[in-house]
1. Quick check on my filter: what residues within segment 59-77 are small (Gly, Ala, Ser) and out of contact with any Asp or Glu (no Cβ under 9 Å at 6 or more places or on another chain)?
2. With the checklist (1) modelled with pLDDT under 95; (2) surrounded by fewer than 22 Cβ atoms within 10 Å (Cβ to Cβ); (3) among the hydrophobic types (A, V, I, L, M, F, W, C) in hand, flag the one item Met77 doesn't pass.
3. Which strands (runs of 3 or more DSSP E) does segment 307-389 wholly contain that include 2 or more residues that are modelled with pLDDT of 70 or more and crowded, with 20+ Cβ neighbours inside 10 Å?
4. Taking Val185, is it in a strand (DSSP E or B), touching a strand residue (DSSP E or B) at 6+ places or on another chain (Cβ under 6 Å), aliphatic (A, V, I, L, M) and surrounded by 18 or more Cβ atoms within 10 Å (Cβ to Cβ)?
5. All but one of (1) in contact (Cβ under 8 Å) with a residue 24 or more places away in the chain; (2) touching a Ser or Thr at 6+ places or on another chain (Cβ under 9 Å) hold for Ile57; state the number of the condition that does not hold.
6. Which residue out of Ile190, Ile162 is surrounded by 18 or more Cβ atoms within 10 Å (Cβ to Cβ), assigned by TED's automatic domain parsing to the domain that holds Ala130 and modelled with pLDDT under 80?
7. Being part of a helix (DSSP H, G or I), touching a residue at least 24 places away in the same chain (Cβ under 8 Å), touching a Leu at 6+ places or on another chain (Cβ under 8 Å) and surrounded by 15 or more Cβ atoms within 10 Å (Cβ to Cβ) is the requirement here; does Gln290 meet it?
8. Can you give me the ranges of the strands (runs of 3 or more DSSP E) entirely in segment 1-102 with at least 3 residues that are among the β-branched types (Val, Ile, Thr)?
Amino acid sequence: MADGNTLAIKLNKSMVSRMEKGGHLRHPNVRDAFLHVYRHWFLPNEPLIRIYSDKVIYTKVDQNQDVLSSSTSPLVMATMLEMLQVQPDQSILEIGTGTGYNAALLGYLTGEQGAIVTIDIEEDVAARAARCLSQHHYDWVRVVAGDGFLGLRDHAPYDKIIVTVGTWGISPEWIYQLKMGGDLVMPLSIGGMQVLTRFVKTETGLSGRITGYTDFLRFRTVLRDSRKTLPFDDHFTLVTEAEDAKGLLFIKSCLEKSPERHRTGIVLESKDEADGMLLWLQARMQNLFQVSGPTQAMTERFGSPLHSSGFQGMAVGAFDRNGVCLLGVQEQQCLQLVILCFADGRSTWDNMERMIQEWQQAGRPGITAVRLHVDEDPMAANECLRKPVVDGPPAARRA
C-alpha cells in the first residue's frame, strides 16, 4: 500500500503507464513491482510531483557540490530490471544501494524466499536505506556499508548481480561471486562512452552485449582510477589512460595549434556505426585520448564530434611524441569521417587508419553489434577492475 496516499497512488500509476507506452516496461512482473513498490517511500522529503516525474533525484552532495548519491530515473531502473530477468527465490547482489528503492523492487521480484544483498560505500546512505526498507516490510534485505568492489562473499554465489553506478571495469570479485550462467547488468564506461551492458558468466569468464547508452554516477572505490584528466580553455576536458601523465600537457599544447584537415573517404551510415568504430579503436589502441565539452563549443573548435549525447560532445584522438590526430565527421547528407592532424600527427593517423580498416573488415559493427568478453584468469591480480575486450559479431570475425 502507499500509506493511504491517494495522490501517490495516482501519480505512480501514471508513471508506470508512461514507462509502458515508452517501451521501458514490457514484462508483467516488473510492471507489478513498480505498481506495488512506491518511490516516495525512499524519498520522504521530496515533492510527490517531482518523485514521480521519471527524473534522477540527487540525494547527497559534498561541500564541492559533487553528487555522492542519487535515486536513478525509474525509466532506467525498469530497463535494467528487465535486462536482469529476475525470477522468484533468486539471490541477487546489488552494487550501489542509494535510497533502497531498487533493492525493494528486487525484493518484490524475488519474494522473501529470495536473498537480496545491497552495498553502498556511504555509511549514512546505507543506514538510511536500511531504515526505509525496514519501515516498508523489506527488513529481510541485507544492506551493507562497504566497498562494492569486494562484493560480499558471505552470501555468494549469486544468481544475478546488478551494478547501479557507472564503472570503468569489472571487479574480479563480481565474476567470482556470480553463479555459472548468471547475469551481470551494469553501466560501463568504454572509450569515454557510458553504455548499459549485460554479461553472462561462462566457463571462460563473461560474455556480454551493449544495449544502449546511459549516464550514472561514477563508481567510487578504494582503487585508483587509471584515467588522467586535464581541463583546458574553460570549455573542454582531456582524458587519457596512457601511462605517461605528461602526455596530457603535450596533447593540450598540440590542440592549441592550427590543424591540417583531411577527408578519409570513409562514410559512416549511422550514429550506432560511428560509436561502434570508436569502441573498436578504444579497445585496440594505446595512447588514445578523449576531448569532451559542450557540443556547440566542440563543433566550433574541432568540427562536429563523432559522439554526442544531449549538449555534450566527445572526440577521440591518438598521440605520439611527434603530434596528435583527432577524429571528427563532416555532416552533410551523410557522416564523412575526417581527420585533424596537429603538429606532426600523421604517424598516429597511419596507425589509427589500420585499426579502422580492421573494423571495416570485421563488418563495421555498430555499438549494439559488438561483443564484449572478460576472461576469468585465477592467476591475475585481483586489485584492479578488469576491462572487457571488444570484438565484432561472431559471423564477421576473421579467422
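1. Ser70
2. Only one criterion is unmet by Met77, namely (2).
3. Because the criterion is at least 2 residues that are modelled with pLDDT of 70 or more and crowded, with 20+ Cβ neighbours inside 10 Å, the strands (runs of 3 or more DSSP E) in segment 307-389 that meet it are 312-319, 323-331, 335-343, 371-375.
4. For Val185, the condition - in a strand (DSSP E or B), touching a strand residue (DSSP E or B) at 6+ places or on another chain (Cβ under 6 Å), aliphatic (A, V, I, L, M) and surrounded by 18 or more Cβ atoms within 10 Å (Cβ to Cβ) - is met.
5. Only one criterion in (1) in contact (Cβ under 8 Å) with a residue 24 or more places away in the chain; (2) touching a Ser or Thr at 6+ places or on another chain (Cβ under 9 Å) is unmet by Ile57, namely (1).
6. Ile190
7. no
8. So the answer is 57-61.
The values are calculated or read from the model by the stated rules, or taken from the named source; none is laboratory data. In this text the structure is predicted, and so the values were computed from the model without any measurement. All Cβ positions, glycine included, derive from the backbone under ideal geometry; neighbour counts span all protein chains shown.
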